Amino acid sequence: SSESEATQKLYGLDNPRTANFGRQCLMARRFAERGVRFIQCTHSYKWDQHGNLKVDHARNAEEVDQPIAALLTDLKSRGLLDDTLILWGGEFGRTPVAQGDDGRDHNPQGYTMWLAGGGVKPGIRYGETDDYGYYAVKDKVHLHDLHATMLHLLGFDHTKLTYRYAGRDFRLTDVHGRVVKELLA
């Protein structure tokens, strides 16, 4: 309630479709301003469409596009984006082939995530799938690599987080992962 009407409108709080996620993004900005080190916004687990994909994904995009753009714009205007790492993604993508009439199955072989702020090179895309869109084939970033890169951006050397237990080495990136230097500003 202490935010200006313009800020509330920027985040889509005036629209029932964007208000829920908009509130989360606005709260994320406020938490970042106050030094909270980890913030998660969740779009209600709505992206797992095995059916009704066209309608549901269009609705999902409408619900999140304005608020996430507002968060990035707002963080940048306040000088917070340089020190705030944003990750947008899920644990898998969708197959390029239909499942049923209007759905798609899980695809962990080639999918998109994006990073912004926090030391990430702006305005680039990295990696490619095959012509069919099924498999990552060029500049593939494994989840271990993504985690190693994020830890690096947060000031940690993921290899130094290794500990031995029951005769096996463990760490946050398993015992794999490389920092993807091509993503760094």
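The values are calculated or read from the model by the stated rules, or taken from the named source; none is laboratory data. Predicted model only: the values in this text are computed from it and were never measured. Cβ sites come from the backbone with ideal geometry, for glycine too, and all protein chains shown count toward neighbours. The protein model used for the area step is the full one, side chains on, heavy atoms only, and it has no ligands, DNA or RNA in it. Shrake-Rupley method; radii C 1.70, N 1.55, O 1.52, S 1.80 Å.
Listed by chain and number, the lysines whose C-alpha is less than 23 Å from the C-alpha of residue 46, apart from same-chain residues fewer than 8 away, are 54.
Summing -39500 (n - 2.57) over the DSSP H runs of n ≥ 4 in the chain and dividing by its residue number, what mean residue ellipticity at 222 nm do you reach, to the nearest 500 deg cm²/dmol?
Details: 4 runs with 57 residues, N = 185.
Taking each H run of at least 4 residues, the total per residue is -10000 deg cm²/dmol.
Solvent-accessible area of the chain (1.4 angstrom probe, protein heavy atoms only): carbon and sulfur portion equals 52 percent. Leaving out same-chain residues fewer than 8 places away, which aspartates and glutamates sit with a Cα under 14 Å from that of residue 76? The qualifying aspartates and glutamates are 33. Summing Cβ point charges (Lys, Arg +1; Asp, Glu -1) relative to the Cα centre of segment 47-104 gives a dipole of roughly 100 debye. Amide H to amide H distances under 5 Å link residue 120 with 185, where only residues 5 or more positions off or on other chains count and H is placed in the peptide plane. Its Cα centre serving as origin, the chain has a Cβ charge dipole (Lys and Arg +1, Asp and Glu -1) of approximately 600 debye.
Taking a straight line from the alpha carbon of residue 160, these lysines sit under 30 Å away, with near neighbours fewer than eight places off in the same chain left out: 121, 138, 140, 181.
For segment 79-94, the Karplus equation 6.51 cos²θ - 1.76 cosθ + 1.60, evaluated at θ = phi - 60°, returns couplings of x, 9, 5, 4, 9, 10, 8, 10, 10, 10, x, x, 8, 6, x, 10 Hz by residue, with Gly and Pro reported as x.
Rolling a 1.4 Å probe over the protein heavy atoms leaves residue 165 with an accessible area of roughly 150 Å². Think of a 1.4 Å ball rolled over the protein heavy atoms: segment 53-125 then has 58 Å² of accessible area per residue.
Residues in segment 18-30 carry Karplus couplings, in order, of 9, 4, 4, 5, x, 4, 4, 5, 5, 4, 4, 4, 5 Hz; the curve used is 6.51 cos²θ - 1.76 cosθ + 1.60 with θ = phi - 60°, and Gly or Pro positions show x.
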